[in-house]
Amino acid sequence: MLTVDAVSQRYGSTEVLNALSLTLGAGRIGCLLGSSGCGKTTLLRCIAGFESIAAGRIVIDGVEHAGDGKHTPPEHRPVGMVFQDFALLPHLSVADNVAFGLHDRPAASRDEEVARMLELVSMQDFAARMPHELSGGQQQRVALARSLVRRPKLLLMDEPFSSLDAGLRRQLGNEVRAVLRALDMTALFVTHDQAEAFALADDIGVLRRGQLLQWDRAYDIYHQPATREIADFVGGGGWLPGTVTANGRVDTEIGALRGRLPEGVAAGDAVDILLRPDDVVHLDDAPLQARVTDKEFRGAVFLYELELASGTRLQSLVPSHHDHPVGCEIGIALDTEHVVAFPAA
Amino acid sequence: MLDVKIVRVLALAAVLGVAGCGGDSEDAPASTEAAPEAPKAVVVYSSRAEQLIAPIFAAFTEATGVPVEYITDDPQPLIARLQAEGENTPASVLLTVDAGNLWFAAEQGVLQSTNSDALNATIPDYLRDPEGRWFGLSLRARTIVYDARELSADDLVGYEDLADPKWQGRLCLRTSKKVYNQSLVALMIARHGEEKTEAIVRGWVDNLAIDPTSNDTRLIEAIADGRCDVGIVNTYYLGRLLRDNAALPVGLFFPGADVGGVHVNVSGAGIVANAANAGGARQLLEWLAGAEGQALFASSNLEFPVLEGTENDPVVAAWGAYTPSDQPLVDAGRLQADAVRLMDRAGYR
Amino acid sequence: MRLWTLPALAIAALTLAPLGVVAASFLTPSGEWGHLSRYVLPEVTANTVWLVVVVGLASLVLGAVAGWLTSVCEFPGRRFFSWALLLPLAMPGYVIAFALSGFFAYSAPLPSTLRDLGLALPDPSAGVAAACCLSLTLYPYVYLLARQAFRTQGIASLEVAQSLGMSRLQGFRRVALPLARPWLAAGVALVCMDTMADFGTVKVFNFDTYTTAIYGAWFELFSLSAALQMSVLLMLLVVVALSLERWARGSARYATKGRMQGSKRIALRGWHSAAATAFCAVVFTFAFALPAGQLLVWGVSSLDGEWGARYFEYFRASLVLASLAAGMVTVLGLALGYSERRAPGRVTAASARIATLGYALPGTVLAVAFFVVVAGLGHALTSVARWFTPGVTITLTGTLAVMLLAYAARFMAVAYGPLGSAFERITPRIDDAARGLGATGVRLLTRVHIPILRGGIATAALLVFVDVMKELPITLITRPFNWDTLAVRVFNMTVEGEWERAAIPAIAIVCAGLVPVLWLHRRTGDDAGGA
């Protein structure tokens, strides 16, 4: 549905996007994850057409909208956009905000469509309200309804939940996902918050200084990060040192592990293995013991900070009925299919 | 307790930035008669522009030692101001142009009667208030100008004649909003009565070549540009243009005594009813009507002096003598509102 | 009554007192109504309505388009025009009118040359000429406020429109303009009030309006009561018009939320860019370059006799008065806006409405009415004081304090326009958040509001400054002896019809007005983003 092909963009002499490529399939929800200033919002604005690109091409639904000096203005791209802070028009009511995108339709079909969209986001009772009379979550829903009302092929969202509190974020994330699924909508959003990325996205790209470090399914970004940098940026966990053996395994203090090895390593090389908190499970009678150095209650689970006898630090997610005090030793085991190793730091 | 109140009043006054506590104005003359002090300043409210009056006042101060302070503004605000100030006014003289304004100021009671032999002797009856509340100090003649390339003085008769259909599409007039035209029409009402005057004004309007101009200079320029042949202006406007360009093809015509003479208005002055310095005011007025004052006053604006025998500016002198209409100017004030209404009715804008 | 209504009431009293004097004219019946209503009012009413509508619309178009182009777009000359288009503000309107009418006069060089070439310039009617001149002199009010609006709203809302399938032009019309409505309305309201009360410009073209009829009744028919009664009707009209605009806005809010893409401009290309440059150039030429050039030509020819040491005094008086007045009126305007915010309700709303009415009155009417109030106060104080000290006289008139208060009564609308609309950008949530952090009362104003209102405050101060530089009737009647300003000098020349000699003081006013215009331009950081 969306193909971004070697897109570059610069402001003056500053390279903002550097030959960036990605593909997003129809009906999928993609996310660009990166800290502020990494270029993610610029890429979004290039796709929307608010900015023209210096090189590369952008293809949406099989039509090239940017590339080779061509630039389709934003209003002629089949793209909807949810702006950061929603950008509801303060002088228009909820219904008028949603109807705003239907300015070229006859009034009767317009009203019908607005009602349908408001119902989809459960805001049908608020049609006559003014934006300043709504809560943050309600404004978000109206913004979503407004951006979808023209039935775009692709929906773009700029930090869609950044101004909402955590609880609301999760709830709305689910709702937005449900709405997008219901319309079989392809969507791309940007965020600096990995929790938001994992909550909503099917595919995630990690951006850093204008470069796309990795573009993959959400699961793979988490468990199979391409670089140590991505691994550190996305999700917590710990690094377990080990040595590559002749048969391609990695010997560690807790046994030999099998996994993806970095290119060019040979037997005897030192590597670090990424262990996510959910890779490390707690078993009361496990032989391997780790000391609890800190813990964080997360409702259903505890996130334990652990330290092995060697001083290696790991994290583990443990069901919250296993409540161990800081300082005591608990038994742990690994629950991994494939681990990822990187050259030792 | 009383003292506390005085302090409060004074404190309030101080806070408001009081300019003058002129408590000595009433007692001063009695107590200072013996000791020769510097003469008290005369305060003038003037609707004549600063650049015209400042050199004259300087000459007056030099001649008499009496200093003059002045404020310029439009005539009506000055009159309203005198009324509002009442007995607190710092002003002693109201100096303004146009008999209508002087008449109105007298009607409003802001001027006092003066019986000055010097003024009465110099200034003809018809140029001053019968009750001595104001005096004309210079004559402003409103007369006829013509395109000297097309016409000669022989083709012209007087103001009334310009209503004749032979001037169809050839006449230029200044707007009726200007007081000069209002005085002219007011005195025509006094001479001919309303009915005949209205017929004359309608005749003018029918003869107009272009919309009434906003000022006399534009009117003279329109004649010089050949857009109309004849018009009515105050002479000093032509004088100013001739001073810059002596070759201007515009002639000046003075209606003769047989048709009533040339319409004149005045610039003039009166002593304020609550004058703080009535003596100084009278001294100023008499000096202005005297030989020295007249020479300066009239020539400063290329106007005509009221004192016979005063030498004119060369530009003015070149026009020769004329016979002013001797209708009492007080009628111009009395009938001004009627004149305005008449012109409104006649569609003269 | 809440404490915060008091400042609003006090400020409204400044205007209410002279208005009371004007309204009291109904106690003195005037015999002129029969004549006026038959021969004068029908024409001047039609003329005035026509003039106000045309000038209001033309200023809206000129000001909003120029404001949009210079604050949001990028095109050749944008930096220059963004401040140069403010310059007509610094010139008295009647001077521009006279200079333009001199430039296009029948016998002036350009029309003569064109005639020789067989090209006759159209000879516009008095009304069209007056409307053109008024629009060219008054559009900067809209321009200045529109820039403030467009800059604080950024181009984010325009992008909303584009993402919903509208072109930029549609977005400008459907989003940017409606969002700027409080600013545009405030600017157009100032333009309309100024047009209604204008006397100088229409007089140059001999075009009769309601205001010329008011002066006519007073100066020519010698009926002050008829003049004042007509002024009351004029003001009622203004009150109704302003109330209608407020009512039409309903409960809508205009505070946009979120990040402003402030520093980003729309780069215009091709003929769009050429058209933008051409538009600004044409406006600048007719509103400033031509009249200023004509003044320079006149000024050079009269330089010898006119320019002199006394100009130092004129400059000083003008600058001192304008600066003091700008400071004072802006502070009072802030107090008024803040009262309305802290104690919202009918009392403060009515106070704001009354306090801004002084601008709609013909200048001389307000000046004289204000003078009557102050003189009356002086009489009252004198009679009280004489119980204790016989012979004492308390004179309040002719003091700077009274002069400044009179300016406040006249120009409150000019300060309140930009301030009131700037207050619209502060969402109630900002107040709540600030109060939650312990900022209340004056602290809330100084620490939270004033920084946000900075643009509005600077605009208000500039407008009052240049307006006082040009002001005549109040200056004439309230100034102390020997306090002649540059504008008074212009008056002294024009009152005798010596327009050419008025060029020097008029140019001096422009130069003095340039200082704050450039200051404002730098202050509001043309290229800095956001509010």
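Every number here is computed from the coordinates shown, using simple stated rules; none is lab data. The structure displayed is predicted, hence computed values, not measured ones. So basically every Cβ, Gly included, is an ideal-geometry build from the backbone, and we count neighbours across all protein chains shown.
Quick notes on this one:
- Square roots of five times the Cα gyration tensor eigenvalues for the stretch A:173-213, Å: 22, 11, 7
- Here the scattering of chain C is modelled by Debye summation over its C-alpha atoms, one equal scatterer each and no solvent; at q = 0.07, 0.11, 0.12 Å⁻¹ the log10 of I(q)/I(0) is -0.40, -1.01, -1.20.
- Most fluctuating residue given options B:Gly251, B:Gly65, B:Gly158, as computed from a GNM of chain B linking Cα atoms under 10 Å: B:Gly65
- 5 Å binning of all Cα-Cα separations within the stretch B:39-94, expressed as whole percents from 0 upward: 4, 19, 28, 23, 14, 10, 1
- With the convex hull drawn over the C-alpha atoms of the stretch B:195-349, the volume per residue is 155 Å³.
- Debye intensity ratio in log₁₀ form over the Cα atoms of the stretch A:148-246, taken at each q of 0.13, 0.21 Å⁻¹: -0.54, -1.17
- Dipole magnitude (debye, nearest 20) for the protein assembly as shown, charges at Cβ of Lys, Arg, Asp, Glu: 2700
- Farthest toward positive dipole pole in the stretch A:1-157 [+1 Lys/Arg, -1 Asp/Glu at C-beta], among A:Leu22, A:Val142, A:Leu155: A:Leu22
- Considering every alpha-carbon pair of the stretch B:87-183, the percent of pairs per 10 Å bin, from zero through the bin containing the longest distance, is 11, 34, 24, 19, 11, 2.
- Rg/Rh for chain A, where both radii come from Cα atoms and Rh is the Kirkwood radius: 1.05
- Loop-located trypsin sites (Lys or Arg not before Pro) in the stretch B:111-212, at most 15 other Cβ atoms within 10 Å (DSSP): B:Arg149
- For B:Lys166, a cut-off of 30 angstrom between C-alpha atoms picks up these lysines, skipping any fewer than 8 places away in its own chain: B:Lys177, B:Lys178, B:Lys196.
- In the protein assembly as shown, the C-alpha radius of gyration followed by the widest Cα-Cα span (Dmax) gives 40.5, 140 angstrom.
- Beta bridge orientation in the protein assembly as shown: antiparallel %, DSSP, nearest 5: 70
- Neighbour cut-off at most 13 other Cβ (10 Å), DSSP loop, chymotrypsin sites (Phe, Trp or Tyr not before Pro), the stretch B:217-282: none
- Exposure proxy ranking, count of Cβ atoms within 10 Å, fewest first, for C:Met493, C:Met230, A:Met81, A:Met130: A:Met130, C:Met493, A:Met81, C:Met230
- Range in chain A, longest, excluding exposed GluC sites (Glu not before Pro) [loop by DSSP; at most 11 other beta-carbon atoms within 10 Å]: A:1-262
- Other-chain or far-sequence residues with amide H under 5 Å of B:Val262's (modelled H): B:Thr323, B:Ser325
- The stretch C:396-414-the stretch B:233-277 distance, computed between alpha-carbon centres (Å): 38
- The alpha carbons of the stretch A:25-183 occupy a box of 47, 40, 29 Å along the principal axes, longest dimension given first.
- Here chain A is assigned +1 on the Cβ of each Lys and Arg and -1 on the Cβ of each Asp and Glu. Its dipole about the Cα centre then comes out at about 960 debye.
- By the rule of a C-alpha distance below 24 Å, with chain neighbours fewer than 8 residues away ignored, the lysines paired with A:Lys40 are A:Lys70, A:Lys153, C:Lys257, C:Lys264.
- Multiplying each eigenvalue of the alpha-carbon gyration tensor of the stretch A:117-177 by 5 and taking the square root yields semi-axes of 17, 16, 10 Å, largest first, rounded to whole angstroms.
- Kirkwood analysis of the Cα pair distances in chain B returns a hydrodynamic radius of 21.8 Å.
- Taking a ≥ b ≥ c as the square roots of the eigenvalues of the Cα gyration tensor, the stretch C:401-531 is classed as prolate, since a/c reaches at least 1.5 and a/b is larger than b/c.
- Candidate cross-link partners of C:Lys470 among the lysines, defined by an alpha-carbon separation under 20 Å and a same-chain spacing of 8 or more, comprise C:Lys203.
- Centre separation in Å (Cα based) which lies between the stretch C:97-160 and the stretch C:505-523: 20
- DSSP loop GluC sites (Glu not before Pro) with at most 13 other Cβ within 10 Å: longest gap in chain B: B:132-307
- When the Gaussian network model of chain A links Cα atoms closer than 10 Å, the mean-square fluctuations of A:Arg141, A:Arg260, A:Arg57 top out at A:Arg260.
- Alpha-carbon radius of gyration plus Dmax, which is the widest Cα pair, for the stretch A:62-123 in Å: 14.8, 43
- For the stretch A:1-43, the set of trypsin sites (Lys or Arg not before Pro) satisfying both a DSSP loop assignment and a count of at most 16 other C-beta atoms within 10 Å is empty.
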